Amino acid sequence: TDRSKIRNFSIIAHIDHGKSTLADRLIQRTGGLTEREMSQQVLDNMDIERERGITIKSQTVRLEWKGYTLNLMDTPGHVDFAYEVSRSLAACEGALLVVDAAQGVEAQTLANVYQSIEHDHEIIPVINKIDLPAAEPERVKAEIEDIIGLDASNAVLASAKSGIGIEEVLDAVIDRIPAPGGDANAPLKAMLVDSWYDPYLGVMILVRVMEGVLKKGQQVKFMQAGTTHLIDRVGCFRPKLTQLGELGPGEIGFVTAQIKEVAQTMVGDTITDAKKPTATPVPGFKEVQPVVFCGLFPVDANDFEKLRESISKLRLNDASFSFEMETSAALGFGFRCGFLGLLHLEIIQERLTREYDLDLITTAPSVVYRLQLSKAAGEAEAQVIELHNPADMPDPNRIEEIEEPWIKAVIYVPDEHLGAILKLCQDRRGIQKDLTYVGGRAQITYELPLNEVVFDFYDRLKSISRGYASFDYEQIGLRAGDLVKMNILVNNEPVDALAMIVHRSQAEARGRHMCERLKDLIPRHLFKIPIQAAIGGKVIARETIAALRKDVTAKCYGGDITRKRKLLEKQKEGKKRMREYGNVSIPQEAFIAALRMG
Ligand code: GDP
Ligand code: MG
């Protein structure tokens, strides 16, 4: 393809402003889809993605319009996947900024638009939903200019739903977004933007060619991974898969190279010619590392093999999560898994439950701590260990120092919620670094310990601000902290799955909260059950579940027999989903719910 006739762009939008609908319209208008195919949204194609309204994996479609080739790149929409977003944006020269004509500029729009500006994108404002009676395109234009500082005089007015302004959007892409650069005669330099596992074709790799030409039959080298592969397919999605002979500079498409696992591909890697490599890899590569760890155990011990198989299958398609076998005194055999963040954890857990029909217990999520241990007798040197499981915490007397990861968070929030957000950050041991106003919104910069953020920070932020706050973060390294292991004892037995590492200043409040939660979540037994939070031998919080007096069916005596049977069945069902600790049954929900600090 002639480079001057290529346009690469992504779509930026606050959730529900119409990104997916517009993308589908663009595909339909350029002939890629029939009306019937339009009825299903094409770009968000996983169930969980659709339900949560976020895009987890990016997809790209190639459109043809007036002799030009347009590559529309979809980007993930959550901070857990910020690195993937940055790579997708690096593959484009421009972006459509979709703003709801009735809602106006929202916080999420801001975070995304600033990223796009950082990538030097040409940004085309698209004011969507002009069909709504409440649409106020002129007010929204003014907001785009005042708040974001972009010229909105030539914004496209559109209704993705009614099909208004679609051609204007396509024309604006051609007229205003620059063509990609790149020398066809230079050695091959392509960026690995994304990869996923296809059951028929194996690992598929989304690439953006920066320089040179990527051909079928070419021997290529993945520079960061240090591996070589033979390219056996080259193509693009229109949105149906279409094979091509090659991809030239500026083009976006996919390749396959008989790769079996996505773990062999790294987002941001540079693909070059094995014989004639480029001297300069694509900048900005980062190896993604899981930051949140937790244990996943089957409720029914007999499901362990099934869990192993299911996790292995998911891992085929997601190299960013890790797993290794773990045994727990109370929970038996399971896996210690690493994730990019809590949403990522929830997605994997949800898929295991839903797609693989597994009942799981999730242990308290933990970040990775670095421990400096004193010299043990007979050891030549003091030891430094990485801890991602509170259960592995060494004897406190041997710990010289514990370091924990910190992040720098940037939060955008409308004025009226500012006070509540500042309090939330303060409660989470945050250090305020900056506070500025952009339009009617505050931009707050905080340094926060990652372990205060991984639990429920994002959910709290959203609920406090009624969805208006947005949040973006990057890791800024390790800092020493006064951290302790808190055990939870049920009927005087420590439940290792509920052990967590907390800051000493937070221990009591968190311990109390946990005991209160568990008191409500653990059903009554025939005996009294003490629930305690303890640091070492010191109990810091305590609740008691009173004994159950009579058999639960007692109240049905003389009553309707089917009701009694139903109750018994329900009890049996409940049993299946419980874990025995000593002689106490703890329902599966208790493990997850107890961890929400809300
Ligand atoms: P996304 O979260 O940005 O991908 O938003 P969607 O494309 O899923 O759209 C969110 C909701 O807005 C859906 O119910 C759409 O049908 C609706 N919607 C999208 N575009 C328009 C539009 O132009 N007009 C109206 N009235 N509704 C729209
Ligand atoms: Mg969408």
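How much length would be gained if the chain were fully extended between Asp232 and Glu309, taking 0.36 nm per residue of separation minus their Cα-Cα distance, in nm to one decimal?
Working it through step by step, the gained length comes to 24.9 nm.
Once you have a ≥ b ≥ c as the square roots of the Cα gyration tensor eigenvalues for the chain, tell me rounded if a/c is under 1.5, and otherwise prolate or oblate according to whether a/b is larger than b/c.
Because a/c hits 1.5 or more and a/b exceeds b/c, the chain counts as prolate.
Determine the sum of side-chain charges near Ser310: Lys and Arg each +1, Asp and Glu each -1, restricted to other residues whose C-beta is under 15 angstrom from that of Ser310.
-3
Around Ala274, which amide H atoms from residues at least 5 apart in sequence, or from another chain, sit under 5 Å from its own amide H, with H modelled in the peptide plane?
Here Gln219, Val220, Lys221 satisfy the definition.
Mind ordering 139-146, 461-468, 284-291, 126-133 by average Cβ neighbours within 10 Å, highest first?
The packing order, highest mean first, is 126-133, 139-146, 461-468, 284-291.
Report relative contact order for segment 391-453 in percent, whole number only (criteria: Cα-Cα under 8 Å, sequence separation at least 6).
That works out to 41 percent.
Using +1 at the Cβ of each Lys and Arg and -1 at the Cβ of each Asp and Glu in segment 287-415, identify which of Cys337, Asn302, Asn317 lies farthest towards the dipole's positive end.
So the residue furthest toward the plus end is Asn317.
For the pair Asn185 and Asn302, how long in nm is the line joining their label points, each one 7 Å along Cα→Cβ?
In this crude spin-label approximation the distance works out to 7.1 nm.
Roughly how big is the chain's charge dipole about its Cα centre, with Cβ charges of +1 (Lys, Arg) and -1 (Asp, Glu), in debye to the nearest 20?
Charge dipole of the chain: 1880 debye, to the nearest 20.
Of Pro133, Val98, Pro180, which is farthest towards the positive pole of segment 73-229's charge dipole, taken about the Cα centre with +1 and -1 on the beta-carbons of Lys, Arg and Asp, Glu respectively?
Pro180
Skipping prolines and chain starts, which residues have an amide H placed within reach, meaning under 5 Å, of the one on Asp194, given they are 5 or more residues away or on another chain?
Leu206
Could you tell me the center-to-center distance, by alpha carbons, between segment 178-248 and segment 504-539 in angstrom?
55
Hey, what number do you get for the chain at 222 nm if only DSSP H runs of n ≥ 4 count, each worth -39500 (n - 2.57), divided across all residues, to the nearest 500?
-7500 deg cm²/dmol
All other residues with a Cβ under 14 Å from the Cβ of Gly235 taken together, and with Lys, Arg as +1 and Asp, Glu as -1, what is their net charge?
Surrounding charge for Gly235 is +2.
Pairs Lys189/Lys286; Lys313/Lys462; Lys141/Lys433; Lys462/Lys528: which are spaced more than 27 Å apart, C-alpha to C-alpha?
Lys313/Lys462; Lys141/Lys433; Lys462/Lys528
Using a Förster radius of 22 Å, what is the FRET efficiency between Glu136 and Asp415 based on their Cβ-Cβ separation? Nearest 0.05, please.
0.60
Could you go through segment 168-173 in sequence order and give the Karplus-derived ³J(HN,Hα) for each residue, using 6.51 cos²θ - 1.76 cosθ + 1.60 with θ = phi - 60°, rounded to whole Hz, and x for Gly and Pro?
Taking θ as phi minus 60°, the curve returns 4, 4, 4, 5, 5, 4 Hz for segment 168-173.
Could you grab the Rg to Rh ratio for segment 284-341? Cα atoms only, Kirkwood for Rh.
With Rg and the Kirkwood Rh in hand, the quotient comes to 1.04.
Using 0.36 nm per residue, how much length does the chain from Asn397 to Arg3 gain when fully extended, once their Cα-Cα distance is taken away?
Residue separation times 0.36 nm, minus the Cα-Cα distance, leaves 135.3 nm.
Would you please give the residues with an amide H less than 5 Å from that of Val367, counting only those at least 5 places away or on a separate chain, with H modeled from the backbone geometry?
Residues meeting the criterion, in which the H sits 1.01 Å from N, are Phe293.
If the only charges are +1 at each Lys and Arg Cβ and -1 at each Asp and Glu Cβ, what is the size of the charge dipole of segment 154-295 around the Cα centre, to the nearest 20 debye?
Dipole size: approximately 340 debye.
For the chain, give the share of DSSP beta bridges that are antiparallel, in percent and rounded to the nearest 5; count only bridges with both residues there.
Counting only bridges with both partners in the chain, antiparallel ones make up about 85 percent.
Pairs of alpha-carbon atoms within less than 8 angstrom and 6+ residues apart define the contacts here; what relative contact order does the chain have, in percent?
Normalised by residue count, the contact order of the chain is 10 percent.
Could you sort 83-93, 528-538, 257-267 so that the peptide with the highest average Cβ count within 10 Å comes first and the rest follow in order?
Output ranking for 83-93, 528-538, 257-267: 83-93, 257-267, 528-538.
Highest mean first, what order results for 384-390, 12-18 on Cβ atoms within 10 Å?
With the highest mean Cβ count within 10 Å placed first, the list reads 12-18, 384-390.
Taking θ as phi - 60°, what are the ³J(HN,Hα) couplings along segment 519-535 by the Karplus curve (6.51, -1.76, 1.60), each to the nearest whole Hz, with x for Gly and Pro?
4, 7, 8, 8, x, 5, 10, 6, 10, 6, 10, x, 10, 9, 10, 9, 10
Could you derive backbone 3J(HN,Hα) for segment 385-400 from the dihedral phi with the Karplus parameters 6.51, -1.76 and 1.60 (θ = phi - 60°), listing whole Hz in sequence and x where the residue is Gly or Pro?
Residue by residue, segment 385-400 yields 10, 9, 10, 10, 9, x, 5, 8, 4, x, 3, x, 5, 8, 8, 7 Hz.
With r defined as the distance between the Cβ atoms of Lys275 and Thr353 and R0 fixed at 56 Å, what FRET efficiency is calculated, to the nearest 0.05?
0.70
What is the distance in Å between the Cα centroid of segment 79-156 and that of segment 449-470?
23
Quick one: compute the contact order of segment 301-458, relative version, from alpha carbon pairs under 8 angstrom and 6+ residues apart, as a percent.
17
Each value in this text was obtained by applying a stated rule to the coordinates, not by laboratory testing. Note that the coordinates shown come from a computational prediction; the quantities given were computed from them, not determined experimentally. We place every Cβ from the backbone using ideal geometry, glycine too, and count neighbours over all the protein chains shown.
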